[in-house]
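Here the structure is laid out as structure tokens; the discussion comes afterwards.
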Amino acid sequence: MKSALYIRNSTNEERQNPETQLRPLREYCQSKQLEYDVFQEFASGAKESRPELDKMLQGIRQGLFDKVIVWRLDRLGRSLKHLLQLIEEFKNRNVKFISLQEGFDTSTAQGELFFQIAGAFAQFERRLIQERINSGLNRVKGKLESDKTYKSKKGNIITKLGRPSGSRDKKRRRVSGYHLRWGKKHTP
């Protein structure tokens with residue numbers, strides 16, 4: 001059986017090099033003489049559905065892998081609920097989960113307990129990031145209400161919060177497309 005090595009970076013290769021995760025995972029597999037496939041992607045850990053994660057899960061469901069190995073737990077996901085769902089699926093399919101940095105293996109009772117504790121901390125870290133972002137947005141919002149403009153660190157003048165309008169936003173949208181999509185979703 002093969003092992004699945006899952007590597008995720010939040011940003012592109014210029015800011016976060018995937019080799020930081022890949023090298024220790026390869027070394028681990030070589031020391032244990034494990035065959036492996038690599039699943040690597042650039043995506044947010046908050047997203048439950050990611051193309052490479054989904055591909056890896058399909059392989060697990062087909063019985064191609066007996067281990068999932070990650071560099072750190074937060075590379076697999078940041079939501080405790082999602083992490084627990086993944087681990088439950090791994091457990092149901094007799095797939096071991098190993099995290100190198102945290103040093104645990106879910107095939108043991110201690111490893112499963114430690115996984116749940118580490119997952120709670122990953123979720124806590126995600127919430128802290130969200131709170132920092134929201135407090136920064138509130139600060140900018142307050143500045144916009146009082147001064148009507150805000151100058152960013154890059155020197156851009158901001159007059160309103162939100163996603164900037166793109167070229168598609170300037171055109172009037174056809175209602176017919178909405179009706180077609182709605183009809184497809186709601187037909188038996």
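No value in this document is a laboratory result; all are computed from the given coordinates. No experiment lies behind these values; they were computed from the predicted model shown. Cβ sites come from the backbone with ideal geometry, for glycine too, and all protein chains shown count toward neighbours.
Other residues lying with their Cβ under 12 Å from the Cβ of Gly63 contribute a combined charge of +2, Lys and Arg counting +1, Asp and Glu -1.
Glu35 sits among other residues whose Cβ lies under 13 Å from its own Cβ, and their net charge, with Lys and Arg +1 and Asp and Glu -1, is +2. Computed from the C-beta positions of Lys154 and Gln85 and an R0 of 45 Å, the FRET efficiency is 0.70 to the nearest 0.05. Overall form of the stretch 79-135: prolate. Here a/c, set by the Cα gyration tensor axes a ≥ b ≥ c, is 1.5 or more, and a/b is the larger of a/b and b/c.
Neighbours of Ile87, meaning other residues whose beta-carbon lies under 12 angstrom from its beta-carbon, give a summed charge of 0 when Lys and Arg score +1 and Asp and Glu score -1.
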